[in-house]
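Undergrad: The structure that follows is given in the form of structure tokens.
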Amino acid sequence: MNKSSEIQTSGIRKGSVLSTWWKKGGLLLASIGLAMTLTVPSALAAGFELSITGKKMLDQTVSSSGTTMSSELRKQESRLKTLHQQDQSLDQQIRAIYYANKELETRLLERLRQHEAAQIEKLTQDVANTKKRYEPLFTLYSSLNKELTLVRKLKNKNLIAAVKSQVDSTKVAVTLAKEEIKRKQDKLTAAKKVRDAEVKKVRTALAQKNPVQVQIRAAKSNISAAKKRFTEEMKNFNLVVKRKEGTAVLSSITALCTIAEDIVRQKEEQYKLESKVKQVVTGAGKLL
């Protein structure tokens, strides 16, 4: 084997060793990273639930505290669990009524768009067909009038009289035709006026939900602000519970319950407001 081949072979061997090392090292680092991800507890679980670590530390605090303190801690823990259940239930109820309201309003708006559409279309088509039917008559009348103008220049009394007679008789037919068109046009206009008035009445009734939706947005804003306070207090709880100081832990978990109650109260208000929206939309639909 020549020198060049030895160098190439040596390079391949070294490359293989390095490749194997990086593969093993990469897998090892990935495994460590995954293990760290799985073992680091979440600072805040969904809703008002304590993290696994927080619950464990609370249990230890309860065990190391006196009877009265332990009882108070368990009382607040139970209170927080109840509030969590109420919060989750309210979320489901609010989602359900919100989407039901959206669907109800969408159907109502579609009904408004289609309200008396068939009747209006029928009357519109009737006017158009009537005009089209009388187009030859109007064309004839226009042509006879032009002819009368030309004949008068010839100053032929007999010819003038003959053409004028045709103009007069055609004029009667034209007058009757225009009256028929007007009657049908008036009928169409009246139908549109009635339709527009009915639609306006429904839209006016539907607009009563606007101030309610302003209140809903305010409730959502209050909930969002309260959730931020809850998150901050939960961070505080996760710190104090590690020290297992009963008084500090009780103070923090009590604060969590107070904030949670505020959130639940705001969500109850939001649900009531969504119920008002439902009443408004349903009431507006009955006017159509």
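Undergrad: Would you work out the charge dipole size for the range 86-162 about its Cα centre, treating the Cβ of every Lys and Arg as +1 and the Cβ of every Asp and Glu as -1, and quote it to the nearest 20 debye?
TA: That gives a dipole near 1180 debye.
Undergrad: What is the spin-label model distance, in nm, from A162 to Q213 if the labels are put 7 Å beyond Cα along the C-beta direction?
TA: 7.4
Undergrad: If the chain between K227 and D59 were fully stretched, how many nm would it gain, using 0.36 nm times the residue separation less the Cα-Cα distance?
TA: 58.0 nm
Undergrad: For L150, put the label point 7 Å out on the Cα→Cβ axis and report which residues of the range 160-186 keep their amide N under 20 Å from it.
TA: 160-171
Undergrad: Given a 1.4 angstrom probe, what's the average accessible area per residue across the range 141-224, in square angstrom? Please report the intermediate quantities before stating the final value.
TA: On the way: 5800 Å² over 84 residues.
On a per-residue basis, 69 Å².
Undergrad: List the lysines whose alpha-carbon lies under 18 Å from that of K55, not counting same-chain residues fewer than 8 positions away?
TA: Of all the lysines, those that pass the test against K55 - Cα under 18 Å, at least 8 places apart if same chain - are K75, K81, K235, K242, K244.
Undergrad: Using only alpha carbon positions, build the gyration tensor of the range 73-201, then give the equivalent ellipsoid semi-axes as the square roots of 5 times its eigenvalues, largest first, whole angstrom. Walk me through the intermediate numbers first.
TA: Details: eigenvalues 1119, 21, 17 Å².
Result for the range 73-201: semi-axes of 75, 10, 9 Å.
Undergrad: Moving to a separate point now. Cross-link candidates for K286: which lysines have Cα within less than 16 Å, leaving aside residues fewer than 8 places away along the same chain?
TA: Within the straight-line limit of under 16 Å, K286 reaches these lysines: K200, K201, K209, K276, K278.
Undergrad: If R₀ is 35 angstrom, what is the calculated FRET efficiency for the pair Q119 and R265, using the beta carbon separation as r and rounding to 0.05?
TA: Between Q119 and R265 the formula returns 0.10.
The values are calculated or read from the model by the stated rules, or taken from the named source; none is laboratory data. Keep in mind the model is a prediction, meaning the values are calculated, not measured. Virtual Cβ from ideal backbone geometry, glycine too; neighbours counted across all protein chains shown. Accessible surface is based on the protein model in full, side chains and every heavy atom, while ligands, DNA and RNA are left aside. Shrake-Rupley method; radii C 1.70, N 1.55, O 1.52, S 1.80 Å.
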